[in-house]
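For reference, the structure is listed below as structure tokens.
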Amino acid sequence: MENKLRIVLIDDHQLFREGVKRILSMEDDLEVVAEGNDGREVIDLVRQNQPDVVLMDVNMPDVSGVEATKSLVETFPNVKVLILSIHDDETYVTQVLKTGAAGYLLKEMDTEALIEAVKVVGQGGAYVHPKVTYNLIKEYRRLATDGGGETEVGFREVEYRRPLHLLTRRECEVLQLMTDGKSNRSIGEALYISEKTVKNHVSNILQKMGMNDRTQAVVDAIKNGWVKVN
């Protein structure tokens, strides 16, 4: 298949790396072209293999994913970095994303989330794990409330109203559950619908909102007061 997304995979746990590689190889439009076990290898691997995406663990013994991302973004600004991590603390996540990473994925992700994240980032979007998105939003809203104003991303206290002028009632429900940090599978279980149906709803929501990915959609929905953040 032409126009495959080329991926370099960096993780110091070989068994985990092999599992990720196996999952990605099942997709016709994804290809792992190289792999390594430490951040010190990433520059050479990217130079030799010219990937679209670098999927990289954040915690490695010699050169961490944070350090490697900084160097990588400076040297190869067109390569997208998707960070793998066990940490969902919003302060930690923010610091990692500031290094230039295009995405942040928790290692507890399911197969669907891994594939979606790689494709979104590879196509120029941003991806933050749903659980992490929820934590980030809660923290930004807390800062806005404590500070009596807007945060750097523009959140403010607005009146809650469903965007029924734009979305169907079911799409509004899906958007709310996306904001709550639910995966497609969890949304399907909550609404008693299939994952495929959830994916269709998410695609419709992104198209109607003019967004490239679900993280952007959630942030915009909160800014507009279309969802509740508990």
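Any read-out appearing in this document is the output of simple, stated calculations on the displayed coordinates, not a laboratory observation. On a predicted model such as this, the values are computed, not experimentally measured, just so you know. Quick reminder, even Gly has a Cβ in these numbers, built from the backbone with ideal geometry, and neighbours come from all protein chains shown.
Stretching the chain fully between residue 48 and residue 123 yields a gain of 24.9 nm (0.36 nm per residue, less the alpha carbon separation). Within the same chain, lysines fewer than 8 places from residue 21 are excluded, and of the rest, those with a Cα less than 28 Å from its Cα are 4, 70, 80, 98, 107, 119, 131, 182, 196, 199.
About its Cα centre, the dipole of region 169-224 is roughly 100 debye, where the only charges are +1 on Lys and Arg Cβ and -1 on Asp and Glu Cβ. Ranking 66, 200, 48 by Cα position along the charge dipole of the chain, where only Lys, Arg, Asp and Glu carry charges on their C-beta atoms, puts 200 farthest toward the positive end.
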